[in-house]
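S.K.: Encoded as structure tokens, here's the structure I'll be asking about.
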Ligand code: BES
Ligand code: ZN
Ligand code: ZN
């Protein structure tokens, strides 16, 4: 169950845990300074100075000093370092607080008291996100902590909390979808979740089944899905507000399991591949929050969904496939399947939607994690402006996107003697840079085949193979699927997107 957030003007609501901020000492040798709510401590019999001194507290983010109380319904006071008090520090502090409070029933905190809407939102999002968990245990322990009250001085903070709820809810939807085991999560199941979402959030929805995919020529999605007993799907969702400003298309990779196909992965390589639809999950999460966040832009979500399996009818290395719109690919490695399904979706977008901007998000290449590590998403964009606005949005949302180059000189590694493109680089070129190569493959699908005059939309590609999963809890991220990209994309849309 999701932690319920509310705001109140006073902490004396009988919460079991009261969390107050501390900031670093202003001169050496002194103790951190307790912020909003410090005046309550004496009445609770709390000697903050003694506790901070004993714990050698510094007031840095993620530091929490716990003091048992047992008076006026307050069981524990937490003194949480917030460092410079910026949104990033507050996120860390809120996450640390909620983890320490998880075995109590209720929490009240002054972490965002006297701060701006951004701070209130950051604390709210982090409290909810850090307390997320996913389980399929036969006897799951219900979460003890069910409510968190943000003590604020400004009632306008209600709006910021509403945005925090919508955003965190969207991230949680993405986490839940990606954490769901693939035994349950067939392509049909995922498409059904999108239909359900459309109903709940008043979006228009269209689902292509396999016959429809064949009729329309979605050769990439069909090629990847044919090795599985479970048939692929293609989902389109539309958020179409009245008098919309601009049109954005979001494309999310929806591989419900990636075994590699006939280019089979190792057991270790495929053990985490139920989350290979994290890009699609992020896009669905984003769509779930557009109404609550009052996004005035037309947003279309496209999610190509398939299970990549090595069944008897699977695509073989050397096969040539025809994508939506007519471009052909020589499939030399069936494990480079994400780009094949995304290519169909992008071709569909430029044929039918002609948006100002396309952004795709995908767990596309292991290579993306080599230089950047697993905590940053790789950000590619065809315009400086789009790259900058997405990087800034990620920053504002508490996510890490790092700009990457689209290296023109590597393009010839994708030349094929028999098709328009090969789906993996010709290794004899020795370019390496697998994430860049995948980007160059996708970029081809921004224009219809044979067209020289078509003006391609601005395009950004987020390769989130690293940050879509976490190996352990860290700040507002929890082990397993992270819902990465939801916050960046929502902030980007809130900031007005295209321009
Ligand atoms: N889903 C994988 C990428 C991936 C790997 C995501 C590890 C998360 C963690 C993708 O479909 C894939 O297998 N890519 C290949 C591409 C290669 C065959 C060119 C890869 O990264 O090895
Ligand atoms: Zn793969
Ligand atoms: Zn994959």
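The values are calculated or read from the model by the stated rules, or taken from the named source; none is laboratory data. Nothing here was measured: the structure is a model prediction, and the numbers come from that model. In this analysis, Cβ positions are derived from the backbone assuming ideal geometry, glycine residues included, and neighbour counts consider all displayed protein chains.
S.K.: Is it the case that some residue within segment 403-414 is touching a strand residue (DSSP E or B) at 6+ places or on another chain (Cβ under 6 Å), more than 25 Å from residue 348 (Cβ to Cβ) and away from ligand 1 (no atom under 16 Å from the Cβ)?
M.R.: Scanning segment 403-414, I find at least one residue that is touching a strand residue (DSSP E or B) at 6+ places or on another chain (Cβ under 6 Å), more than 25 Å from residue 348 (Cβ to Cβ) and away from ligand 1 (no atom under 16 Å from the Cβ), so the answer is yes.
S.K.: If a residue must be crowded, with 24+ Cβ neighbours inside 10 Å and either in a helix (DSSP H, G or I) or within 16 Å of ligand 3 (Cβ to nearest atom) (or both), how many such residues does segment 444-465 contain?
M.R.: 6
S.K.: Could you look through segment 252-274, keep only residues that are over 22 Å from the mean Cα position of the chain (by Cα) and in contact (Cβ under 8 Å) with a residue 40 or more places away in the chain, and pick out the one that is surrounded by the fewest Cβ atoms within 10 Å (Cβ to Cβ)?
M.R.: By that ranking, first place goes to 264.
S.K.: Oh, and also: Taking strands (runs of 3 or more DSSP E) that fall entirely within segment 154-262, which contain at least 3 residues that are in contact with a helix residue (DSSP H, G or I) (Cβ under 6 Å, 6 or more places away or on another chain)?
M.R.: Those strands (runs of 3 or more DSSP E) span 233-239, 247-252, 254-258.
S.K.: Looking at 294, 243 in this structure, which one is at pLDDT below 95 and in the same structural domain as residue 218 (by TED's automatic domain parsing)?
M.R.: When all the criteria are applied, what remains is 243.
S.K.: If residue 242 meets every condition in (1) touching a residue at least 40 places away in the same chain (Cβ under 8 Å); (2) within 20 Å of residue 296 (Cβ to Cβ) apart from one, which number is that one?
M.R.: (1)
S.K.: Now for a separate question. Of all the residues that make up segment 275-296, how many are touching a residue at least 60 places away in the same chain (Cβ under 8 Å) and away from ligand 1 (no atom under 11 Å from the Cβ)?
M.R.: 15
S.K.: Taking segment 473-496 as the region of interest, how many residues are touching a strand residue (DSSP E or B) at 6+ places or on another chain (Cβ under 6 Å) and surrounded by fewer than 24 Cβ atoms within 10 Å (Cβ to Cβ)?
M.R.: So the count comes out to 1.
S.K.: Among the numbered conditions (1) within 24 Å of residue 448 (Cβ to Cβ); (2) within 16 Å of ligand 3 (Cβ to nearest atom); (3) not in a strand (DSSP E or B), tell me where residue 310 comes up short.
M.R.: (1)
S.K.: So, residue 315, is that one surrounded by 16 or more Cβ atoms within 10 Å (Cβ to Cβ) and under 18 Å from the mean Cα position of the chain (by Cα) or not?
M.R.: Taking the combined requirement at face value, the residue does not satisfy it.
S.K.: While we're here: For segment 88-125, which residues satisfy the criterion of being assigned to a loop (DSSP other than H, G, I, E, B), surrounded by fewer than 21 Cβ atoms within 10 Å (Cβ to Cβ) and touching a strand residue (DSSP E or B) at 6+ places or on another chain (Cβ under 6 Å)?
M.R.: 104
S.K.: Mind checking which residues of segment 239-261 are within 12 Å of ligand 1 (Cβ to nearest atom) and more than 22 Å from residue 179 (Cβ to Cβ)?
M.R.: Of everything in segment 239-261, just one residue is within 12 Å of ligand 1 (Cβ to nearest atom) and more than 22 Å from residue 179 (Cβ to Cβ), namely 261.
S.K.: Going by what's in this entry, would residue 160 be described as assigned by TED's automatic domain parsing to the domain that holds residue 15, touching a residue at least 40 places away in the same chain (Cβ under 8 Å) and within 24 Å of the chain's Cα centre (by Cα)?
M.R.: No.
S.K.: Got at least one residue in segment 214-230 being surrounded by 21 or more Cβ atoms within 10 Å (Cβ to Cβ), within 30 Å of residue 494 (Cβ to Cβ) and in the same structural domain as residue 352 (by TED's automatic domain parsing)?
M.R.: no
S.K.: Go through (1) in contact (Cβ under 8 Å) with a residue 40 or more places away in the chain; (2) out of contact with any helix residue (DSSP H, G or I) (no Cβ under 6 Å at 6 or more places or on another chain); (3) within 27 Å of residue 9 (Cβ to Cβ) one by one and return the number of the condition residue 34 breaks.
M.R.: Unmet condition: (2).
S.K.: Considering segment 196-215 alone, what residues qualify as being without any contact (Cβ under 8 Å) to a residue 24 or more places away in the chain and over 19 Å from residue 225 (Cα atoms)?
M.R.: 196, 199
S.K.: In the set 304, 310, 355, which member is out of contact with any helix residue (DSSP H, G or I) (no Cβ under 9 Å at 6 or more places or on another chain) and touching a residue at least 12 places away in the same chain (Cβ under 8 Å)?
M.R.: Just a single option satisfies the conditions, and that option is 310.
S.K.: I need the full set of residues from segment 397-418 which are surrounded by 20 or more Cβ atoms within 10 Å (Cβ to Cβ) and either under 21 Å from residue 494 (Cβ atoms) or touching a residue at least 60 places away in the same chain (Cβ under 8 Å) (or both), in order please.
M.R.: Answer for segment 397-418, where residues must be surrounded by 20 or more Cβ atoms within 10 Å (Cβ to Cβ) and either under 21 Å from residue 494 (Cβ atoms) or touching a residue at least 60 places away in the same chain (Cβ under 8 Å) (or both): 397, 398, 399, 401.
S.K.: Hey, residue 31 hits all of (1) in a loop (DSSP other than H, G, I, E, B); (2) at pLDDT below 95 but one; which does it fall short on?
M.R.: So the condition that residue 31 fails would be (2).
S.K.: Please count how many residues of segment 144-153 are in contact with a strand residue (DSSP E or B) (Cβ under 8 Å, 6 or more places away or on another chain) and not in a strand (DSSP E or B).
M.R.: 3
S.K.: Could you check, for segment 263-281, whether at least one of its residues is more than 16 Å from ligand 2 (Cβ to nearest atom) and at pLDDT 95 or above?
M.R.: yes
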